[in-house]
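Q: Structure below; questions to follow.
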Amino acid sequence: MTSSQGSSTEKITAFSTWSLSKVADHLVTQKVTAAIGRETVRRILRAGKVSWKTTTAWKASTDSEFIAKMHRVLALYDTPPADGRVICVDEFGPLNLMPRKGKAWGPVRRPPRLRAAYNCYGGVRQMLAALDPATGKPYYRIHPRKRWHEFLGLLKALRARRPGQKLYVALDNISPHKHAKVRTRAADNDVEPVFLPTYGSWLNWIESEFAALRYFALNGTDHRSHDERNVAVAAHVRRHNTPAGPTTDFAPDSAIRSWTDCPAGAA
């Protein structure tokens, strides 16, 4: 890259982070226009299909069977098998005791303040959770760890809750999910693990429930004990489950459904 190219890139990067007011001032300074307001800039950008976006990180899948695994999971979501139930399973954590920034209603000009915590005491907890798309209701357990022992306990509980039905369990590729004793127990109890592609956890429907849990139960809190935090989590799940109904239409219009390969930046 030449120095002129680098300078141009830097200018574009800087411009992309400017506020509307700063863009308006720049246009006047560069004599593009004699005067312009921020709302006019907003309308021009909107007309040009330019919007304010959050920058995110991504990791492309290296799974050679990405497409096949993705369509297997999507097929289960779109057309649940008549002989069983689809269950989405994942871990959420670590859940530690620390202040979490967030948003909440409060008096004008009196934002709530959380303590600054430089040390986290009390250890961590791990949530093992399952979502049944047919009911829209999550089920969870909280443990100090997330080994194969705890995961096997969750599978046993799910098996007991759905007797007489085959379970198709969508889950990622961490080692506890593939432990020999877990596989044996699953095979002996009509439970079929459906593994997601590597770096494809975003295909797990339960991720949307975790996002809601983080927003409604954890953000803006400063729980001083795991019991206090667990009460908040339980209250959120109860509120969610009271009006819950079938979870339908997983990314129906998404470009992922037309993929023939995993593009860079997909995950």
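Q: Can you tell me the length gained on complete extension of the stretch Glu39 to Asn241, counting 0.36 nm per residue apart and subtracting the Cα distance?
A: Net length gain for the segment: 68.5 nm.
Q: Label-point separation (nm) for Ser16 and Tyr118, each offset 7 Å from Cα along Cα-to-Cβ?
A: 3.7
Q: At a 1.4 Å probe, what is the % contribution of carbon and sulfur to the accessible area of the stretch 138-267?
A: 51
Q: Top mean-square fluctuation among Val124, Val194, Val32, Gaussian network model of the chain, C-alpha springs under 10 Å?
A: Of Val124, Val194, Val32, the most mobile in the Gaussian network model is Val32.
Q: Dipole of the chain, Cα-centred, from +1 at each Lys and Arg C-beta and -1 at each Asp and Glu C-beta, to the nearest 20 debye?
A: So the magnitude is around 1100 debye.
Q: Enumerate the lysines that Lys178 could reach by cross-link, defined here as Cα to Cα under 24 Å, with residues fewer than 8 away along the same chain left out.
A: Lys59, Lys69, Lys146, Lys156, Lys166
Q: Moving on. For the stretch 174-181, take each phi angle, set θ = phi - 60°, evaluate the Karplus expression 6.51 cos²θ - 1.76 cosθ + 1.60, and give the result in whole Hz per residue in order, putting x for glycine and proline.
A: Residue by residue, the stretch 174-181 yields 5, 4, x, 6, 10, 4, 4, 6 Hz.
Q: Here's another thing I want to ask about it. At 7 Å along Cα-to-Cβ for each site, give me the label-to-label distance between Arg141 and Asp188 in nm.
A: Result for the modelled spin labels: 1.7 nm.
Q: If you count only protein heavy atoms and use a 1.4 Å probe, how large is the accessible surface of Lys156, to the nearest 10 Å²?
A: 90
Q: So for each of 207-213, 136-142, 34-40 I average, over its residues, the number of other beta carbons within 10 Å; can you give me the resulting order with the highest mean first?
A: Listed from highest to lowest mean packing, they are 136-142, 207-213, 34-40.
Q: Label-point separation (nm) for Ala212 and Trp259, each offset 7 Å from Cα along Cα-to-Cβ?
A: Label-label distance for Ala212 and Trp259, simple model: 2.5 nm.
The values are calculated or read from the model by the stated rules, or taken from the named source; none is laboratory data. Since this is a predicted model, take the numbers as computed values, not measurements. Neighbour counts run over all protein chains shown; Cβ positions are idealised from the backbone, glycine included. Protein only, heavy atoms only, side chains kept; ligands, DNA and RNA dropped before computing areas. Shrake-Rupley method; radii C 1.70, N 1.55, O 1.52, S 1.80 Å.
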